[in-house]
Every structure is written in structure tokens, then in C-alpha cells.
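Q: First, the structure itself, so that you have it in front of you.
The values are calculated or read from the model by the stated rules, or taken from the named source; none is laboratory data. Source: prediction; values computed, not measured. Cβ placement follows ideal geometry from the backbone for every residue including glycine, while neighbour counts extend to all protein chains displayed.
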Amino acid sequence: MVIPARKKLFRGFTLIELLIVIAILGILAAAVLVAVNPKKRQDQAKDANIKADVGSIATGLQAYFTSPGQGSYPLTLLKLEENKDLVKVPTPPAGAGAEYVYAVNPSATCDGTATAQCISASVSAPLFDKTATDEVWCWQSSTGKGQPVTAAVGCPAN
């Protein structure tokens, strides 16, 4: 009686096949990473944070200005916390400076009293995802809106 030869059943992939698949996946992942550009997305997220923070500060400044007995902008942003117009003055994302730039007008004579009122204000911070090399996000009380400006033009408080 003849015993049939056993067939060897190969299951799984060879090492070469696995390496080829891993290499192809790596190339695809690199292509997707380049297309997504995570640095640009991070910069855009930081810019959105800056714009939201400047908007919050602007709302607090307008609330301070219109509160009874004021009619003037505060000398510092910390006054917004003291007056309960903001719970906490926001801090900008890392790399944008220690705090938002705040200016009042007339800066030389303004002390917030009835005789020397701060009649206009501005808040600004540098942007990360810039269309111009030195672009900042600026809110001015005179326009009541935030917009990008170049640092050369600046963000005056008038």
C-alpha cells in the first residue's frame, strides 16, 4: 500500500511580502503627511485662538466702556478682571509673546479719570500663519472689529 505524500500547507506571508507592504504604507503615510502639512494646521489653530482671545478682550473692553460711571477704557487689561468684565484675561499661545498688546489713546495723558479719559483702545497679537511676513491681528475700538494688519502699519488705538 502506497501512502500519499502529505501536502505542505503554507499559511501566512513571507518576510519579503511583509516588508514590501510596510514600505508601501510608509510611502503613502509620508505623502499624506506632506499634503496635510501639520505645522500649517497648528499655526492656523493658534491664529484661531488669538482671534478668539482678542474678540473676548474686545467684548470685555466694550462692556467696561459702557458700564455705568465709566465712559473710558481701562489703563490695563487687568482692570477688566477687577471690574468683572472678564473672568480672566487670556494669555496668547506660546511663541506669540507674554501677553496681548494693549494700547489706549491718548496714551500720554490718559489716566482713566473723568478729566483724562481713555477715548479709544486697541488689542493686538502677532499671527503665526501669516500672509505677510509681519502680520498681526488687531482690534480697534474705532472700527469695532478685528482684522489683520502689518506690523509696519501697526495697531493704533484711534
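Q: Would you mind finding the one in Leu33, Leu15, Leu19 that is at pLDDT 85 or above, farther than 23 Å from Tyr100 by Cβ and surrounded by 10 or more Cβ atoms within 10 Å (Cβ to Cβ)?
A: Only one candidate passes the filter, namely Leu19.
Results for (1) touching a His at 6+ places or on another chain (Cβ under 8 Å); (2) exposed (fewer than 15 other Cβ atoms within 10 Å of the Cβ); (3) modelled with pLDDT under 90; (4) acidic (Asp, Glu), shown as yes or no for each residue.
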residue: Ala52; (1), (2), (3), (4): no, yes, no, no
residue: Tyr64; (1), (2), (3), (4): no, no, no, no
residue: Pro74; (1), (2), (3), (4): no, no, yes, no
residue: Pro92; (1), (2), (3), (4): no, no, yes, no
residue: Ala103; (1), (2), (3), (4): no, no, yes, no
residue: Thr115; (1), (2), (3), (4): no, yes, yes, no
residue: Asp134; (1), (2), (3), (4): no, yes, yes, yes
residue: Val149; (1), (2), (3), (4): no, no, yes, no
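Q: Check off (1) under 20 Å from the mean Cα position of the chain (by Cα); (2) surrounded by 19 or more Cβ atoms within 10 Å (Cβ to Cβ); (3) of a type outside the set (Val, Ile, Thr); (4) over 16 Å from Ala125 (Cβ atoms) for Gly60 and give me the number that stays unchecked.
A: Tallying (1) under 20 Å from the mean Cα position of the chain (by Cα); (2) surrounded by 19 or more Cβ atoms within 10 Å (Cβ to Cβ); (3) of a type outside the set (Val, Ile, Thr); (4) over 16 Å from Ala125 (Cβ atoms), Gly60 fails exactly one: (4).
Q: Report, ordered by the first and then the second residue, all pairs with beta carbons closer than 9 Å, sequence separation of six or more or different chains, a first member in the stretch 11-39 that is on the phi < 0 side of the Ramachandran plot, and a second member that is in a helix (DSSP H, G or I).
A: Phe13/Val21
Q: Can you find a residue in the stretch 119-129 that is part of a loop (DSSP other than H, G, I, E, B), modelled with pLDDT of 85 or more and polar (S, T, N, Q)?
A: Checked against the condition, which is being part of a loop (DSSP other than H, G, I, E, B), modelled with pLDDT of 85 or more and polar (S, T, N, Q), the stretch 119-129 yields no hits at all.
Q: Hey, another quick one. Can you tell which of Lys88, Lys79, Lys46 is part of a loop (DSSP other than H, G, I, E, B) and over 15 Å from Ser141 (Cα atoms)?
A: It is Lys88.
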